[in-house]
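Student: One structure follows; several queries about it will come next.
All of the numbers you see were taken from the coordinates with simple rules; none came from a lab. Computed from a predicted model, the values in this text were never measured in an experiment. Please note: Cβ atoms are built from the backbone with ideal geometry, for glycine as well, and neighbour counts cover all protein chains shown.
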Amino acid sequence: MTHRLNLIYKKLYSFFGPQHWWPAESSFEVIVGAILTQNTSWQNAERAIANLGKRKLLNPHKLYRLSDKRLASLIMPAGYYNIKARRLKNFLIFLFKSYKGKLKNMSLRDTQELRQELLSVNGIGPETADSILLYALDKAVFVVDAYTQRVLLRHRLIRNNASYDEIQNLFMENLKNKVKLFKEYHALLVRLGKEFCLKGRPKCEVCPLDT
DNA sequence: GACCAGGCACATC
DNA sequence: GATGTGCATGGT
């Protein structure tokens, strides 16, 4: 499986090239984006982030002080805005209570322990937690999302009811080069999923992996 | 108008 | 542990 996964990576990289993920100007922006993009197109999440950025609100202190109602209205384009406002606040409450509002402090914690802490925040599930760890804090954790599952399933690399942890372990046990590779690999899987592995179709057509 | 998009919590069996 | 539902905008 190690060889298989490395071969897939090589094919994806040579076909698509580097993806430059995560598109953001700061670690905090990555975290905000990770929550805003939950079950939502990145384009819509971006509009919400832009609304915050325009008002210089993309830092923990400012966002923490913003009322839930105001926050919700600003992130409206991302959809689920009431729930997501609450989720952003839940993360910030955690950040201030446990790490004095500083990402640097949070980043010093042991990766697996921090992962457990993030998962205990209401509104942060496995994908959001791992996106934060990998893309905001540079921790060697593989991110699994809907595209990852779909691509792997289409190519029969997992069984159709494989759990999040199973899929994540598949990558983490078989790949070296950790952080940089994990970032690029996940981004490439999303790119492939978007362009070739469409939902509601039994098979990928002209899939770069099949050539 | 239907379906989809870089999930998650919660209820229920 | 599996399955169903609410949350909501904007593009195709």
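Student: Determine ³J(HN,Hα), in whole Hz, for all residues of region A:63-76 in sequence, where each value follows from phi through the Karplus function 6.51 cos²θ - 1.76 cosθ + 1.60 and θ = phi - 60°; x replaces Gly and Pro.
Tutor: My calculation for region A:63-76 gives 5, 4, 7, 5, 5, 4, 5, 5, 4, 4, 5, 6, 9, 3 Hz in order.
Student: So what's Rg/Rh here for region A:27-136, counting alpha carbon atoms and using the Kirkwood radius for Rh?
Tutor: On the way: Rg = 12.8 Å, Rh = 13.7 Å.
Checking Rg against Rh, the ratio lands at 0.93.
Student: Next question, about the same structure. What is the extension gain from A:Gln116 to A:Met76, computed as 0.36 nm multiplied by their sequence separation minus the C-alpha to C-alpha distance, in nm to one decimal?
Tutor: 11.5 nm
Student: Kindly write out, for region A:93-106 in residue order, the coupling ³J(HN,Hα) from the Karplus curve 6.51 cos²θ - 1.76 cosθ + 1.60 (θ = phi - 60°), rounded to whole Hz, with x marking Gly and Pro.
Tutor: Taking θ as phi minus 60°, the curve returns 4, 4, 4, 7, 5, 9, 9, 6, x, 10, 4, 4, 4, 4 Hz for region A:93-106.
Student: Let me ask something additional. Of the listed pairs A:Lys11/A:Lys194; A:Lys104/A:Lys180; A:Lys54/A:Lys178, which have alpha-carbon separations greater than 25 Å here? If you can, show how the numbers build up before the last one.
Tutor: Numbers: A:Lys11/A:Lys194 16 Å; A:Lys104/A:Lys180 20 Å; A:Lys54/A:Lys178 35 Å.
Long pairs (Cα-Cα over 25 Å): A:Lys54/A:Lys178.
Student: Counting C-alpha atoms alone, how compact is region A:115-211: give Rg to one decimal and Dmax as a whole number, in angstrom.
Tutor: Reported Rg and Dmax, both Å: 13.8, 43.
Student: Sum up the charges of everything whose Cβ sits under 10 Å from the Cβ of A:Gln19, counting Lys and Arg as +1 and Asp and Glu as -1, but leave A:Gln19 out.
Tutor: On the way: positive: A:Lys183, A:Arg191; negative: A:Glu184.
With Lys, Arg at +1 and Asp, Glu at -1, the net is +1.
Student: Can you run phi through the Karplus equation (6.51, -1.76, 1.60; θ = phi - 60°) for region A:154-162 and list ³J(HN,Hα) in whole Hz, with x for Gly and Pro?
Tutor: Using θ = phi - 60°, the values come out as 4, 9, 6, 9, 9, 7, 6, 10, 4 Hz.
Student: I would also like to ask the following. Percent relative contact order of chain A, based on C-alpha pairs within less than 8 angstrom and at least six residues apart?
Tutor: Values: 226 pairs, mean separation 51.2, N = 211.
Taking the mean separation of contacting Cα pairs over the length of chain A, I get 24 percent.
Student: Now a separate question. So, counting K/R as plus one and D/E as minus one, what does the shell of residues with Cβ under 14 Å around A:Asn160 add up to?
Tutor: On the way: positive: A:Arg150, A:Arg154, A:Arg156, A:Arg159; negative: A:Glu166.
Neighbour charge sum, excluding A:Asn160 itself: +3.
Student: Moving to a separate point now. Show that you can apply the helix-only estimate: for chain A, add -39,500 (n - 2.57) for every DSSP H stretch of four or more residues, divide by all residues, and state [θ] at 222 nm to the nearest 500.
Tutor: Numbers: 12 runs with 129 residues, N = 211.
That comes out to -18500 deg cm²/dmol.
Student: Can you tell me the alpha carbon radius of gyration of chain A divided by the globular rule-of-thumb value 2.2 N^0.38 Å? Mind showing how you got there, number by number?
Tutor: Details: Rg = 17.6 Å, N = 211, 2.2 N^0.38 = 16.8 Å.
Expressed relative to 2.2 N^0.38 Å, the Cα Rg reads 1.05.
Student: Hey, another quick one. Could you tell me the distance between the Cα centroids of region A:109-131 and region A:32-54, to the nearest Å?
Tutor: Using only Cα atoms, the two centres lie 20 Å from each other.
Student: Give me the net charge for the shell around A:Pro77: Cβ to Cβ below 10 angstrom, other residues only, Lys and Arg +1, Asp and Glu -1. Provide the component values of the computation, followed by the final result.
Tutor: On the way: positive: A:Arg47; negative: A:Glu46.
Net of charged neighbours comes to 0.
Student: At what distance in nm do the modelled label points of A:Lys194 and A:Lys100 sit from each other, each positioned 7 Å from its Cα along Cα→Cβ?
Tutor: 3.9
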